[in-house]
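Only one structure is covered here, and it is reproduced in the block below.
Read the figures in this text as sums done on the coordinates, not as results from a lab. Since this is a predicted model, take the numbers as computed values, not measurements. FYI the Cβ positions are ideal-geometry reconstructions off the backbone, even for glycines, and counts take in every protein chain you see.
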Amino acid sequence: METIAAISTATGNGGIGIIRMSGENCFNILEKIFRTSKNNKINIEKIKGYTIQYGYIIDNKTNEIIDEVLVSFFKNPKSYTRENMCEINSHGGMVVEKRILEECLKNGAILAQPGEFTKRAFLNGRIDLSQAESIIDIINSKTEKEAKASINQLQGYLSENIGKIRHELLDIMADIEASIDYPEYDIEEVTNSKAIKLLENVKSKLEILEESFNSGKVLKEGIKTAIIGRPNAGKSSLLNTILKEERAIVSDIEGTTRDTIEELVTIKGIPLKIIDTAGIRKTSDKIEEIGVEKALKVAEDADLILAIIDNTKELNEEDLKIFNLVKNKNAIILLNKIDLQDNNLEKHEEILNANKKVIKISTKNRDGIEELYKEIEKMFNVKEIDIYSGNLITNIRHKNQITHSIKNINEAINAINLNLPIDIISISIKETLEDLGKITGDNVGEDIINEIFSKFCLGK
């Protein structure tokens, strides 16, 4: 493969910038553009891995010094990509970084594609596909818990778990193939009896993985939280209070919020994707009507609803509609504006019948906000999520493959119960093995590989 190069640090000014190269000719290219402090070329034959050398990057046509640098050397196979690699640590700044990259390209390297360094690590067998995907999850982590879960996946916890399940399936396949190859020994009945027990055991393990996605999704995507209520109940004020900034416009004029406003915030270690919505009411304003319809749709799809009620007013038709909306959802009813007046709405039959946690708050002076946070923590106890067991799925692609695997296991079990020929049973088991192999990359098409690595940033 050709030698690739890219800037690995984020765009903009910073303390340092890193330009990466990887490939067979990496050191030969570096020899042309790097000089030591004594103005000597490096001796590529004497380069040792895991060493750093001080010097200068130069324009090899004019001998002009481009920057003072430190170069880290990594020799194959003990590098990120399992190829010869170097990282040029320059002063941070777009001009300097671009000039160093241009020198690499002018002297034989080609510009790396997004994620190509990690893709080479996968193709060269240093990591499997699930580990490669964990790298982008680490980069995009929004909470410490999510980062730890991604690091554990990078260390191979999930891969090891999938590997054990595949090994069990291969044992079943070995028995089935023995029955097919030696029909004269009449061991098919024994094989079927053993296979159904093993398949039920595998199915149970896969179902644990599939179910873990609910927790994994919370860590990775956050809890989709809709703030709903009638106009001027304090929805936008609640958003601003949680964010501790004036994110949404607050006004005494009803119908100010026409569209949804989304923000991500972490509360008690729990990532919340909070969505402020238009006030729910009947309106003749077409734009506001669209906003109300959107608010109802957001509430329907939400993982958590914060239903905010104006505690200074009597309940009306819009409030009753909101109570009906939250009936079968994770929801908390917030009685707002207790700093102005307390009508003790929590004693109303309509609120009691909603059977939801009721918290009195003031978005103005933050009364009740800490109690709200504690209730959310209780409802979604992220602390109980075991990120170390290898039984945690955070990736929708992995979840879909496991769901499909369970379907194939069920088909194999049904085939045994129906006394279908044993070679028919083996088809479903082979398909399960292929499904699980797609998680780790053992059985995956080039199109999926390209799609996964296209999501990476340049230089990673």
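Numbers for the structure displayed
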item: Listed residue pairs exceeding 19 Å between alpha carbons, taken from LYS244/LYS327; LYS244/LYS364; LYS235/LYS297; LYS41/LYS78; result: LYS244/LYS327; LYS41/LYS78
item: Exposure proxy ranking, count of Cβ atoms within 10 Å, fewest first, for ASP342, ASP128, ASP175; result: ASP342, ASP175, ASP128
item: For Kirkwood radius over Cα pairs in Å, calculated from these coordinates, the label among (1) 26.7; (2) 31.5; (3) 21.4; result: (1)
item: Sorted by Cβ density within 10 Å, fewest first, the residues LEU238, LEU209, LEU154, LEU320; result: LEU320, LEU154, LEU238, LEU209
item: Sorted by Cβ density within 10 Å, fewest first, the residues PHE117, PHE456; result: PHE456, PHE117
item: Mean ellipticity per residue at 222 nm, deg cm²/dmol - from DSSP H runs of n ≥ 4 across the chain, formula -39500 (n - 2.57); result: -15000 deg cm²/dmol
item: Amide proton proximity set for ALA331, modelled H, under 5 Å, gap of 5+; result: ILE305
item: Charged-residue dipole, Cβ positions (Lys, Arg, Asp, Glu), the range 4-126 about Cα centre, Debye nearest 20; result: 400
item: The range 358-365 - phi-based ³J(HN,Hα) in whole Hz, Karplus 6.51/-1.76/1.60, Gly and Pro as x; result: 10, 10, 8, 9, 9, 5, 6, 10
item: Distant-in-sequence amide H partners of LYS224 (H built 1.01 Å from N, under 5 Å); result: LYS273, ASP303, LEU304
item: Value of relative contact order over the chain, rounded to a whole percent, pairs C-alpha under 8 Å and six or more apart; result: 16
item: DSSP bridge orientation in the chain - percent antiparallel, rounded to nearest 5; result: 65
item: Only Lys, Arg (+1) and Asp, Glu (-1) charged, at Cβ; the chain dipole about Cα centre in debye; result: 1700
item: Calculated from backbone phi, Karplus (6.51, -1.76, 1.60) coupling profile of the range 402-417 in Hz, x at Gly/Pro; result: 5, 4, 5, 4, 4, 4, 5, 4, 4, 5, 5, 4, 4, 5, 5, 5
item: Under 5 Å, built H, 5+ apart or other chain: amide partners of ILE110; result: THR3, ILE4, ALA5
item: Net +/- balance of residues flanking ARG82 in space, Cβ distance below 13 Å, scoring K and R +1, D and E -1; result: +3
item: Calculated from backbone phi, Karplus (6.51, -1.76, 1.60) coupling profile of the range 11-27 in Hz, x at Gly/Pro; result: 4, x, 7, x, x, 9, x, 10, 10, 9, 10, 8, x, 4, 9, 3, 6
item: Projected label distance in nm at LYS78 and LEU320, using a 7 Å step from Cα toward the beta-carbon; result: 7.6
